[in-house]
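Take a look at the structure set out below.
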């Protein structure tokens, strides 16, 4: 069984609602709004009168309503009553009203005014009741019970309404003038909702003068007044923030930031939007008001009026916020001082202008996002490529930017670059082989020999986990075996140029317990035959000759394993199988170039088909890669042809 201790209330409603009288009374007024009230009367404690009550002429509650809504934790207002407010017909409120409440916590804010219990007198459908609500512990955090009606009644309407009151008042410490100003800041957008405090209606004159600014513009020979109201903090009444259009003392439509041109005057998520309300005297547009008063017809006259309203408000906010932008820029510069000190005066000036422009053009950006942008821009100024990254990002679609964000969420940049560099290297190698073997009338395929130093992975996964390196000692054995001109291979000690092929040898070492090399334990021999020479018994025998010589002269351990890959553009009939020698220590594998390509593509999960349009796979990029990573061997081959045995 669940239980609640005495601290539950503050944790549930939040510290502001539990301890701040301004927040608490605003919540109770918002409940009156949600009840369809036209009038709200508040008794606020003053010297000589220590009492608190809040009465409205809303629709009230039956006993069933009270039990179902008032006593239910996290009551779902939208599901239980819908978004629109139910308004008593005799309140004569024409406009549709949107409810503030969502979870029902505001009804408990009356505990802010008492240490004991508060009372709810309510009337609806001739059912008149009063309930006492108190905090509790154990199985229920709140308890209520029906009590006798107060005499006289505290209701302000004969047929419906609700009054919340306390008999034992806590010390409040908030003056009448302060609470009058705070309420005025939040509840003056709709003339059909009036709040009286200690018998006096709250008006614009009650608001702290520093919080209200009167703006104006000329339209059709008339001066139009806009009242700009600024609150110090956002709260439940943020629905009242935006543009309130008044005509002949009545609200037209809803108070919001929505404009006449399917646009927004201000993004409602920004800090300015949550703390400003503008009341526009739109009496000049009375002929354009829709019959249900839900808004204005978008006539040319109304649109021209709206454009002036929007520009007047925008100019005011930009001027008002300039000091804030300057201070923010100064703070961000201090946060990035170490980086900005490296970029010089021009870079600092560019960064400064950029940050100010971001604040001006992107008012919805929050402080955390702005901090991130400032840091990024400072790092871009200090980087080698500077703003070239921004130009790249400009080419991205919105979906691609989303994908990029997900990529950075799932990978850190170093890991992603390491993987992509390896994929690029391997795909480029495959395309280079494809390019070279495309023309079977040339000897260019043999020029790929240097690439196989990094391309042994093509032949199988076992070559991924062991580090192989070109072995000049083994290469020298083969040079001596064929009595080649030493100078012929001097510039390329990592492979051998023969009459009809090139040969490279790659080995990995065996180490003793002390970490010292004791010899080569595994050898990979790659021989690239020139086009037109079929791979047959003679060619295989030559590979076996390489292996025997390596064993004979002690270039490898006697227990070494040797894999010979004999590559060409065709294989003699009956010679496609793998030959083994020396009880399987030596394997000779003939393979045509097309098979090499298929094997490479398969090991790369056929990625080349999925990213064939990648920039590094363009023709010019492949040609540049070949120019840097292959070697022209025609002259070297002619130097050695006559020397080969």
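Being surrounded by fewer than 14 Cβ atoms within 10 Å (Cβ to Cβ) and at pLDDT below 75 holds for only one residue in 84, 92, 74, and it is 74.
Does region 521-544 include one or more residues that are assigned to a strand (DSSP E or B) and at positive phi? No, there is no match, as no residue in region 521-544 is assigned to a strand (DSSP E or B) and at positive phi. Counting only helices (runs of 4 or more DSSP H) that fall entirely inside region 352-435 and contain at least 3 residues that are at pLDDT below 80, the qualifying elements are 367-382, 388-394. Listed conditions (1) in a loop (DSSP other than H, G, I, E, B); (2) surrounded by fewer than 17 Cβ atoms within 10 Å (Cβ to Cβ); (3) at negative phi are all met by residue 555, apart from (2).
Scanning region 96-113 for residues that are surrounded by fewer than 19 Cβ atoms within 10 Å (Cβ to Cβ) and at pLDDT 75 or above, we see that the one that is nearest to residue 252 (Cα to Cα) is 96. I'm trying to understand the selection: among the residues of region 562-581, which are assigned to a strand (DSSP E or B) and surrounded by fewer than 16 Cβ atoms within 10 Å (Cβ to Cβ)? Within region 562-581, just 580 meets the criteria.
Here is a yes/no grid of residues against (1) touching a helix residue (DSSP H, G or I) at 6+ places or on another chain (Cβ under 7 Å); (2) touching a residue at least 24 places away in the same chain (Cβ under 8 Å); (3) part of a loop (DSSP other than H, G, I, E, B):
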{"residue": "168", "(1), (2), (3)": "no, yes, yes"}
{"residue": "174", "(1), (2), (3)": "yes, yes, yes"}
{"residue": "181", "(1), (2), (3)": "yes, yes, no"}
{"residue": "190", "(1), (2), (3)": "no, yes, yes"}
{"residue": "196", "(1), (2), (3)": "no, yes, no"}
{"residue": "210", "(1), (2), (3)": "no, no, no"}
{"residue": "213", "(1), (2), (3)": "no, yes, no"}
{"residue": "217", "(1), (2), (3)": "yes, yes, no"}
{"residue": "223", "(1), (2), (3)": "no, no, no"}
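Determine whether residue 51 is assigned by TED's automatic domain parsing to the domain that holds residue 193 and either modelled with pLDDT of 90 or more or within 46 Å of the chain's Cα centre (by Cα) (or both). It is false that residue 51 is assigned by TED's automatic domain parsing to the domain that holds residue 193 and either modelled with pLDDT of 90 or more or within 46 Å of the chain's Cα centre (by Cα) (or both).
Reported count of residues in region 582-602, each being surrounded by 12 or more Cβ atoms within 10 Å (Cβ to Cβ) and more than 21 Å from residue 571 (Cβ to Cβ), is 2.
Take residue 32 and tell me if it is surrounded by 20 or more Cβ atoms within 10 Å (Cβ to Cβ), within 24 Å of residue 231 (Cα to Cα), touching a helix residue (DSSP H, G or I) at 6+ places or on another chain (Cβ under 7 Å) and at pLDDT 80 or above. Judged against the criteria, residue 32 is not a match. Cβ-Cβ distances below 8 Å connect no pair with a first residue in region 138-151 that is outside the structural domain of residue 108 (by TED's automatic domain parsing) and more than 15 Å from residue 167 (Cβ to Cβ), a second residue that is exposed (fewer than 10 other Cβ atoms within 10 Å of the Cβ) and modelled with pLDDT of 95 or more, and a separation of six or more residues or different chains. Considering each residue of region 4-11 in turn, none proves to be in contact with a helix residue (DSSP H, G or I) (Cβ under 6 Å, 6 or more places away or on another chain), crowded, with 21+ Cβ neighbours inside 10 Å and either at pLDDT 80 or above or more than 20 Å from residue 182 (Cα to Cα) (or both). Annotation: of all residues in region 309-338 being surrounded by 16 or more Cβ atoms within 10 Å (Cβ to Cβ) and over 30 Å from residue 285 (Cβ atoms), the one that is modelled with the lowest pLDDT is 325.
Restricting region 283-300 to residues that are part of a helix (DSSP H, G or I) and without any contact (Cβ under 8 Å) to a residue 24 or more places away in the chain leaves a set whose member that is surrounded by the most Cβ atoms within 10 Å (Cβ to Cβ) is 288.
A quick yes/no check of all residues on (1) more than 15 Å from the chain's Cα centre (by Cα); (2) surrounded by 10 or more Cβ atoms within 10 Å (Cβ to Cβ); (3) more than 29 Å from residue 347 (Cα to Cα):
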{"residue": "378", "(1), (2), (3)": "yes, yes, no"}
{"residue": "389", "(1), (2), (3)": "yes, yes, no"}
{"residue": "408", "(1), (2), (3)": "no, yes, no"}
{"residue": "414", "(1), (2), (3)": "yes, no, no"}
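The values are calculated or read from the model by the stated rules, or taken from the named source; none is laboratory data. Here the structure is a predicted model, which means the values were calculated and not measured. No Cβ is skipped: glycine too gets one built from the backbone with ideal geometry, and neighbour counts run over all protein chains shown.
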